[in-house]
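J.: Questions regarding the structure given below will be posed in turn.
The values are calculated or read from the model by the stated rules, or taken from the named source; none is laboratory data. Note that this is a predicted model, so its numbers are computed, not measured. Here the Cβ is made from the backbone with ideal geometry for all residues, glycine too, and neighbour counts use every protein chain on show.
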Amino acid sequence: MPPINTITIENIYRSLIAQLDKLARHNRQGSYRTKERYYEACKRFCKFLAEAYHLQKLSNISGKHLTAYVEFLQATDKAASTVKTDLAAIRFFHDKMENAKYRLPNNAELSVELEKRSFGGADRTWSNEEFDKMFAIAFVSGQNHYACALALARFAGLRLHECFRIDTATARQALREKAISIKGQGGKVRTVPIEDERIFIMLRSLLAKTQRGGKLLVSDDLPTHIAMQRMEQFIVRNRETVRDKDSERPLTFHGLRHTYAAEKYWQFTESGMGSLDAHFAVSRLLGHERPDVTDIYLASVKKEERHGD
């Protein structure tokens, strides 16, 4: 794929927003809150269209754009209710267009399955076989930056944006100390031990190719958010190939963090740590302070086993 001109993308995005604004000005339907929610949803969709497709006219939206956007939202772990509301917002404004080129498919007609809404923790973990296959695809195809990100999420519990924030200084320190110090949400820094050799191999490989001070997983000519989006799209393209037979678990990048959390919890409890202490130890490794948030990551562990009930 040729280098992306960020100025061109920004201009396309502004043009799409201008088209959206024109539709919004003439809208008299819905409450103020609904109008605001739908407008913000369509702004995000415009951003996706500009970055992923360079689409210049909202009237040219088709089913393929809708399907790709759903896959993108699912890959970034958006809730099923959020995905369906965003789709409703896109169709709402699409219906306002007088010159729409295509009819948009309804949810049943989409070329992607919508997840059902869940009111509790869903098991998003990957099996070891699923991870090994995905890692091998990235490594064998020479996409070491993807392989490195996969390993960091699986064996260090890093978020997507934390992986793509790593620079050469952070990587060198991690190799020296066998632990990675990373700034997470709210600017809070945590240090996570590195225990898998694949992380060391990938860090050394990428350091050899990255200029001092540069970001390890992002080339100089690519915006970080585009690099992250491509990582997610890589998983979407390959997840059916690596998925375990008869498995219905969603395979997303964020799911690797769930896998890490569940594995660490079992390691702590099997070494003799009490379930409550293990729960808080996992919270610290994930960079969370709220137990209810950590419970989401431990959905694959029965509640009574998490809290010793």
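J.: Can you name the condition, by its number, that R204 falls short on among (1) at pLDDT below 95; (2) assigned to a helix (DSSP H, G or I)?
T.: R204 satisfies all of (1) at pLDDT below 95; (2) assigned to a helix (DSSP H, G or I) except (1).
J.: So how many residues does segment 171-201 have that are without any contact (Cβ under 8 Å) to a residue 24 or more places away in the chain and assigned to a helix (DSSP H, G or I)?
T.: Residues meeting the conditions: 7.
J.: Checking D220 against (1) farther than 24 Å from S247 by Cβ; (2) touching a residue at least 12 places away in the same chain (Cβ under 8 Å): exactly one of these is not met. Which one?
T.: Going through (1) farther than 24 Å from S247 by Cβ; (2) touching a residue at least 12 places away in the same chain (Cβ under 8 Å) one by one, D220 breaks only (2).
J.: Sticking with this structure for a sec: Within segment 54-102, restricting attention to residues that are surrounded by fewer than 18 Cβ atoms within 10 Å (Cβ to Cβ), hydroxyl-bearing (S, T, Y) and in a helix (DSSP H, G or I), which residue is nearest to the chain's Cα centre (by Cα)?
T.: Within segment 54-102, the match that is nearest to the chain's Cα centre (by Cα) is T82.
J.: Would you pick out the residues in segment 245-264 that are of a type in the set (S, T, N, Q) and assigned to a loop (DSSP other than H, G, I, E, B)?
T.: Matches in segment 245-264: S247, T252.
J.: Can you name the residue in segment 263-309 that is acidic (D, E) and at pLDDT 80 or above and is also surrounded by the most Cβ atoms within 10 Å (Cβ to Cβ) among such residues?
T.: This residue is E263.
J.: Kindly indicate the residue of segment 20-34 that is without any contact (Cβ under 8 Å) to a residue 40 or more places away in the chain and part of a helix (DSSP H, G or I) and also nearest to M97 (Cα to Cα) among those meeting that condition.
T.: K22
J.: Collect the residues in segment 63-90 that are at pLDDT 90 or above and touching a Pro at 6+ places or on another chain (Cβ under 9 Å), keeping them in residue-number order.
T.: Scanning segment 63-90 gives G63, L66.
J.: Let me ask you something else. Working only within segment 265-277, note down all residues that are in contact (Cβ under 8 Å) with a residue 24 or more places away in the chain and part of a loop (DSSP other than H, G, I, E, B).
T.: The answer is G274, and nothing else.
J.: Can I ask one more? Which residue is nearest to L217 (Cα to Cα), if the candidates are limited to segment 232-262 and must be among the aliphatic types (A, V, I, L, M) and at pLDDT 90 or above? Even if it seems obvious, please write down each step before you answer.
T.: Within segment 232-262, the subset among the aliphatic types (A, V, I, L, M) is 235-236, 242, 251, 256, 261-262.
Retained after the next criterion (residues that are at pLDDT 90 or above): 235, 242, 256.
On the way: I235: 16, V242: 23, L256: 18 Å.
Step by step, filter segment 232-262, then rank; the result is I235.
J.: Please give the number of the condition K133 fails out of (1) out of contact with any Pro (no Cβ under 7 Å at 6 or more places or on another chain); (2) at pLDDT below 95.
T.: Here K133 clears every test but (2).
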